[in-house]
Each structure stands twice: as C-alpha cells, then as structure tokens.
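Scroll down for the structure; my scribbles are underneath it.
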Amino acid sequence: MTLERTADVVVIGAGVQGCSIAYNLAKMGVKDVVVLEKGTICSGSTGRCGAGIRAQWGTEMNCRFGLAAVEKFEQLHEELGMDCGLNQSGYLMVAYKESEFDQLQKSMKLQNSLGIDTRVVSYSEAREICPGLAADDAVGFTFHNRDGHADPFLTTFAYMEAAKRLGVTFHRFTEVTDVKTVSGRIAGVVTNRGEIDAPVVVNAAGGYSQIIANMAGVRIPNFSERHEIIITEPVEPGVCPPMLMSFSGNYYIQQRPHGSIIGGCSPEGHPEDYEMGSSWDFLEMMSRTFIKLLPRTKGVRVVRQWSGLYNMTPDRQPILCEADNVKGFFLSCGYSGHGFMFGPISGELLTQLIIGQEPWIPIDMLHYSRFERGELLVEPAVV
Amino acid sequence: MSGRQEDIVICRCEEITLGEIREWIAKGYETFDELKRVLRVGMGPCQGRGCREMILREISAKTGAPMADIDPGTFRPPAKPVKLAVLAEGGDK
Ligand SMILES: Cc1cc2nc3c(=O)[nH]c(=O)nc-3n(C[C@H](O)[C@H](O)[C@H](O)COP(=O)(O)OP(=O)(O)OC[C@H]3O[C@@H](n4cnc5c(N)ncnc54)[C@H](O)[C@@H]3O)c2cc1C
Ligand code: FES
C-alpha cells in the first residue's frame, strides 16, 4: 500500500492507545486518519502486557478512569463487533502489612464514594474467590468483582478492524523518523517510506514516545523500563480466577480463560532500557512467588517467558494532552504500566480534546507541564 | 478447495484449523506473529513445534514469498516447558 501524501490526522503507534484513538476519531467523523506502525499491529507493550483492568485505585482521577474503563470494556464487544476476551473475575488485593491494609481501606472508601463497590473480604472468603490461594501471612484483602482482564491482542485488533471499517488506514512496517513543525505548529511526519503532511499528529508510541516527542522539540521526562512476565501451560480452571495483586508482595497473577496462569512483578533495580530480554533471576523469583501463593501449581510447567516496556513518568501517571509549544501535536503516553486498561477511555477523551470538545472526564492535570511545576499526581496503588 | 481440507486442525494445542488460518491470512494477518496474536497458534505447550512449519507454508503460498524469506516469529524461552518447583529451586542453569 503506498503512503498518502497528506492526512487530517497521523497517529504514531498501533498499540491499544493508537488504535483506540484512531477508531474514536473516525467515529466522531474525522476523515483521513492514518496510523503508522514501525512493526506489526500490537507488537509493542500492548501485546506483551498482563491486560488487567481495575477500578481499585488510590486517586480520584484514576478511580474515575478505572470505572469508566470497566464500563467501556463491558460493552466493547457490542460496540466494536468483535469479542475482546473480557473476563470479569475481579481483582483480589492482598496486603501483608498493617500500613498496606490501611491504605487499601482508605482507597476503598474513596472508591465506594465514586460508585465502585470494592469491599474487604476475609481470608476464607478470599479462598472461595481464589480456590488455589495460600496467604495465611496476609493481614487483609479487598475485592472488586467488576475488575478483571481482557485479551490484549483481540482488543487492539477489534479497535483496528472497527477503525478500518470507518475508513482509517493502517500502515505496518512504517517507522516515523522525524516530526515536522513550522513556527510552533505541527506540519507532518517523515517516515522510512516517505513523508505525510498533516495538521494533527498524535504520539502514541508507547515505550518510544520520548523519542517521538524529541523529534517535535517537545521535552517530556518519560523513560522506559523493562518488565518481565511468565505464563504456564493450561491447568484446570478455577485455580486463580481473579487477578491476585499485592504491592508489598510485588506480584500480579491471574488465570487466563483457557487455563494458563500468567504472572509478573516489578523488576529489581528497574532496568531502564529498550531491551526486551528475559532473565533467569526473574524466572526463579516469579516461580517462587507462584508456588508460595498457589501451592498447587508446583508441578505446573512454565511454557513462555517474555518482557515488555513500561513507559514511565516521574509520578507514574500518563501524559494526555496537546503540546503547548507545538500546536496540533498531541500526546498519549507514559502510562507507567496501566495503559492497556485505560486505552478505551483515553482514546475517547483525547479525541474530544482533538476535535475541540470538553473531555467528559477532565484531563488538564495530565498535561506534562505538571512536572515542571512540581505538581505530581501521586498514586499509591501500583505494582 | 474441498471443505474437508479446510477442517484439518493445523495447531493442535489451540485447535485451529487450516480454514481459520487461511481466513485470517486473507484479512491481512500475514506474518506468523500476527496469526499468533489473533488465533493463539504457536502459543500452546509445544510452542509451535507442531504447527509453525505448516503455517509458514500457508503464508508462503498466499504471499508468494519463498519459505526462506518468511519470518518464523519470535522464539521465547524456556526452550522446553519446565516445572515451577524446579525453577523455584534455581533450575539447571
Ligand atoms: C509485562 C507487562 C505487564 C503489563 N500489565 C498491564 C496490565 O495488567 N494492565 C494494564 O492496563 N497495562 C499493563 N501493562 C502496560 C501496558 O502494556 C501499556 O501501558 C500499554 O500497552 C501502552 O499502550 P500503547 O499503545 O501506548 O503502547 P504500545 O503498545 O507499545 O504501542 C506503541 C507502538 O508504537 C510503535 N512505535 C514506536 N516508535 C515508532 C515509530 N518511530 N514509528 C512508528 N511506530 C512506532 C511501537 O512499535 C508500538 O507498537 C503492562 C506492560 C508490561 C510490559
Ligand atoms: S500445535 Fe500449535 S502451539 Fe502446539
């Protein structure tokens, strides 16, 4: 497919963010939307993620984003015409320290005030929710039954297919090598396959978004961090239906609908790089966590191990805004490990900003200028 | 093409037929990694040992590219499935 010379909007990156933005733009009637992807669709972080979706957050903004995301996922199959593999078995949060349990309960109060029905559950109830669980060393649990996970590939492909039906063009193996600006306005992009002139360019390049921003002369403090993950062979369903998550325990573990169990944690020493290798240390540590938490998985085999990038910001909150020094240059990045679940909702909100509407959840605090002003949005609930 | 041929199961681990593979190749999912993401082929316990060759041959037939030029997709560790208990003890590095 030859590359267009011009477009109304160029979206850089075809992960869940780029595909959701492209779909929402087309749905709102924007013509000539072109998505450029240096690899194949969903080959970045989205295709490597745990795909958990939750409303159990610790700040009002994240709770509102999280609840809106849950609600969007609940009707996504109908809206996009393709099954996204949504599985709502809840998130079971596990606290091993009193201070951690206090924080979970504080967050729960906030969540409840915003219409999220999180509740404290006892250890025996936790074992009913998660039959394979062994956590007698835990001090408390909270649970929200509408949390869950979806299939990251199917979700992204569903957005792409729906966007294509609305006239959006996708170019794979097309790498943006420069971003053109003219006196404080965006002018277009340069790629390995030619140039496209466009009055609006969206940076949805995930782990590479700081490189794209740099090309446009926009400074953002994002950096990329490698996170690893493993998956087992399929086992009988019902071992670990909910997502088990613990901040002090440093893990998230969940069973996929076809029976495999998937698990990850925050890396030690946080390797800041663009490498996506796999390590023995992680495999060993994660295997220990599995066996301790789900003793009946002892004889289960690990079939695959991989890694992907978290695009981090100093306050672990995303950047969702228009650049102030380059008009027409929009950013949706820095999701710091929770950008899959926010994809459907941030795509909608950024579209509203691009077409000049008021985003229905305010996003002004997600401008990158907060870092210069030192107004960080600190979220206590992240792994 | 006879219906029977389309019903042949190519990826036994994930129970994916030749017909499904051809359908998605026709929709533009024409690399092994793209088929893997949409159909889960190659993600089973055998890690594609049982289906990769046949799928690459289908891609080659559809795109006209010689087998040698087709990207076989990413190979991910471990090379063979290993029990969690063995890995937790340090495995055999
Ligand atoms: C191990 C792991 C577990 C995770 N678990 C969860 C979870 O449970 N829940 C959750 O919500 N999130 C999770 N995440 C985070 C989530 O994966 C990301 O936040 C999300 O996928 C970001 O989507 P994206 O579209 O912004 O980025 P990506 O999916 O990375 O898409 C960006 C795309 O841009 C392309 N690109 C980059 N540079 C260029 C260029 N110059 N030209 C053209 N294209 C370019 C890339 O190839 C890529 O495909 C996890 C991440 C990892 C690594
Ligand atoms: S036969 Fe396809 S993954 Fe095993």
When every residue in the stretch B:50-93 that is out of contact with any Gly (no Cβ under 9 Å at 6 or more places or on another chain) and of a type in the set (Lys, Arg) is compared, the one surrounded by the most Cβ atoms within 10 Å (Cβ to Cβ) is B:Arg76
What's the number of the only condition in (1) more than 19 Å from the chain's Cα centre (by Cα); (2) of a type in the set (A, V, I, L, M); (3) part of a helix (DSSP H, G or I) that A:Met341 fails to meet? (1)
When the residues of the stretch B:32-49 are filtered to those that are surrounded by fewer than 22 Cβ atoms within 10 Å (Cβ to Cβ) and either of a type in the set (S, T, N, Q) or free of Cβ contacts under 8 Å to residues at least 12 places away in the same chain (or both), which remaining residue is nearest to A:Arg304 (Cα to Cα)? B:Gln47
Kindly list, by first and then second residue, each pair from a residue in the stretch A:317-337 that is under 11 Å from A:Ile186 (Cα atoms) to a residue that is more than 16 Å from ligand 2 (Cβ to nearest atom) and of a type in the set (D, E, K, R), limited to pairs with Cβ atoms under 6 Å and residues at least 6 apart or on different chains. A:Lys327/A:Arg185; A:Gly328/A:Arg185; A:Phe330/A:Glu322
Restricting to the stretch B:34-71, count the residues that are under 9 Å from the mean Cα position of the chain (by Cα) and either of a type outside the set (A, V, I, L, M, F, W, C) or away from chain A (no Cβ under 14 Å) (or both). 14
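Here's the yes/no breakdown for (1) under 16 Å from A:His149 (Cα atoms); (2) among the β-branched types (Val, Ile, Thr); (3) modelled with pLDDT of 95 or more:
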{"residue": "A:Ala216", "(1), (2), (3)": "no, no, yes"}
{"residue": "A:Asn222", "(1), (2), (3)": "no, no, yes"}
{"residue": "A:Pro234", "(1), (2), (3)": "no, no, no"}
{"residue": "A:Leu244", "(1), (2), (3)": "yes, no, yes"}
{"residue": "A:Ser248", "(1), (2), (3)": "no, no, no"}
{"residue": "A:Gln254", "(1), (2), (3)": "yes, no, yes"}
Quick check, is A:Ala55 crowded, with 16+ Cβ neighbours inside 10 Å, small (Gly, Ala, Ser), over 30 Å from A:Val139 (Cβ atoms) and in contact (Cβ under 8 Å) with a residue 12 or more places away in the chain? no
If a residue counts only when it is of a type in the set (Val, Ile, Thr), within 14 Å of chain B (Cβ to nearest Cβ) and within 21 Å of the chain's Cα centre (by Cα), which strands (runs of 3 or more DSSP E) contained entirely in the stretch A:159-258 have at least 1 such residues? A:223-232, A:251-255
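The values are calculated or read from the model by the stated rules, or taken from the named source; none is laboratory data. Given the structure is predicted, the values throughout are model-derived calculations rather than measurements. Neighbour counts are summed over all protein chains in view; Cβ atoms, including those assigned to glycine, are modelled from backbone coordinates with ideal geometry.
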